[in-house]
1. With a 10 Å cut-off between alpha carbons and a GNM built on the chain, which of R220, R38, R21 moves the most?
2. Among S190, Q135, P16, pick out the residue whose Cα is farthest towards the positive end of the charge dipole of the chain, where Lys and Arg carry +1 and Asp and Glu carry -1 on C-beta, about the Cα centre.
3. Got a sec? How would E113, E56 order by Cβ neighbour count within 10 Å, fewest to most?
4. Based on the Cβ-Cβ distance from R243 to F139, what FRET efficiency comes out when R0 is 35 Å, to the nearest 0.05?
5. Debye sum, Cα scatterers, the chain, no solvent: what log₁₀ I/I(0) at q = 0.09, 0.10, 0.14, 0.15 1/Å?
6. When S335, S201 are ordered from fewest to most other Cβ atoms inside 10 Å of their Cβ, what list results?
7. From the backbone phi of segment 162-174, what are the Karplus-calculated ³J(HN,Hα) couplings (6.51 cos²θ - 1.76 cosθ + 1.60, θ = phi - 60°) in whole Hz, Gly and Pro given as x?
8. Calculate the length of the line joining the C-alpha centroid of segment 18-40 to that of segment 163-237, in whole Å.
Amino acid sequence: MHTDEGNLDWVFNNTPVFFIRDPIKFPSVNRSHKRNPRSHLPDPNMFWDFHVGNPEGIHQLLVLFSDRGTPKSVRFLNSYSGHTYKFTKADGSFNYIKIHMKTRQGVKNFTQEEATRVAGEDPDYMIRDMFDAIQRKEFPQWDVFVQVMSPSEAEAYRWNIFDMTKVWPQKDFPLKKIGKMTLNRNAAFSPSTMVPGFAASADPILQARLFAYPDAARYRLGVNYQQLPTNAAKVPVYCPFERDGAMRFDDNYGADPNYVGSTLQPTRFKTEENGVTSQSLSLHTDHEKWVGEVSTYTSQVTDEDFVQPAALWEVLGREQGHQERVIQNLAGNISGVTSSKLRDGVYALFGRVNQELGAKLRKATEAKVKN
Ligand code: HEM
């Protein structure tokens with residue numbers, strides 16, 4: 001988003017939760033979901049081995065293997081910050097927030113059969129659908145909502161608000177509509193591209209992402225990618241510490257100091273009266289120094305981690321045939337796991353969500369396993 005104060009990027013997912021809550025595990029999630037390094041083939045053994053060994057991802061797995069895991073295109077899905085962010089004020093006060101974007105095109109999903117067919121017939125389907133819609137000037141739109149939690153509510157809340165495997169149930173924190181988003185361009189996005197009033201929280205996965213995306217963009221596009229027309233802010237953003245490098249095509253801040261704490265007057269923006277200082281997007285508040293349940297972090301999995309997936313399983317049960325489709329989607333994948341011990345581990349994992357789910361999954365999968 002190009003705002004009056006610079007750019008704000010929302011790099012969101014179509015699920016409100018994530019596979020892990022410790023960013024150190026991110027390369028492992030990716031490796032286990034990608035190809036086997038030896039055979040270069042997709043490998044359900046690796047996939048399920050990772051998830052049985054790291055069961056905190058059960059909530060996300062249930063979303064992934066539901067109808068929502070095969071959206072009909074990017075235009076037809078809801079989008080979620082997943083992370084806890086902050087809305088901040090100049091006086092240092094803030095609230096914790098999560099953002100939800102609901103598609104105005106309606107949620108539409110493929111069945112497993114449709115998804116399999118389209119992936120074979122037109123692997124570029126998703127890109128084509130979005131490109132063509134933007135060409136036709138049918139810019140997809142989303143209604144934007146926030147859930148708002150005060151710092152004191154965060155301290156007392158049942159779940160760690162920096163745990164990306166958990167949602168904030170809407171009965172506790174209802175959605176409030178704040179606007180509408182229209183997608184009409186492509187660019188290089190990063191969760192660290194923020195404007196005053198919007199700030200990262202201590203969410204550890206988010207903290208890791210703040211570095212990872214600009215690294216990827218610098219590697220792929222070059223160190224001055226922020227000057228590319230689609231990425232450049234539409235207003236002057238003063239950051240004389242970021243200069244030099246290949247493809248620098250502006251005045252490179254001329255003689256302005258490239259270090260903080262200088263009393264020399266900057267030349268580029270005469271409006272700066274107090275020399276070169278680094279501007280902080282959000283003031284550090286007592287809450288940032290506070291240490292308690294919300295900021296301590298543990299990857300240990302307990303029964304609490306199965307409460308929200310169990311509730312989701314009930315919700316899916318309200319839609320005709322949805323639970324059955326989840327079981328079939330899972331069974332199709334798990335039947336590729338060659339070790340019966342690992343398959344038992346997967347049934348046990350889903351059995352902790354719901355015993356009947358575990359039992360039905362075992363039956364449906366074992367019927368498909370090739371002996
Ligand atoms: C530790 C966790 C994560 C790390 C280190 C990470 C890192 C990355 C990197 C390096 C890219 C490529 C960016 C580029 O090529 O420009 C990427 C893409 C992406 N990631 Fe993540 N990611 C993480 C978790 C997440 C989460 C939790 C979400 C959503 C809430 C997410 C959403 C996306 C999206 C939407 C893209 C595509 C962006 C684009 O094409 O511009 N990622 N991720």
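1. In this elastic network of the chain, the residue with the biggest mean-square fluctuation among R220, R38, R21 is R38.
2. My answer, from the dipole projection, is Q135.
3. By the 10 Å Cβ count, ascending: E113, E56.
4. Efficiency, from the Cβ-Cβ distance: 0.50.
5. Log-scaled intensity ratios, in q order: -0.62, -0.76, -1.37, -1.51.
6. S335, S201
7. 9, 9, 6, 8, 10, 9, 9, x, 5, 6, 7, 9, x
8. 23
Taken together, the values in this text are just the output of simple stated rules run on the coordinates, not laboratory data. Source: prediction; values computed, not measured. Here the Cβ is made from the backbone with ideal geometry for all residues, glycine too, and neighbour counts use every protein chain on show.
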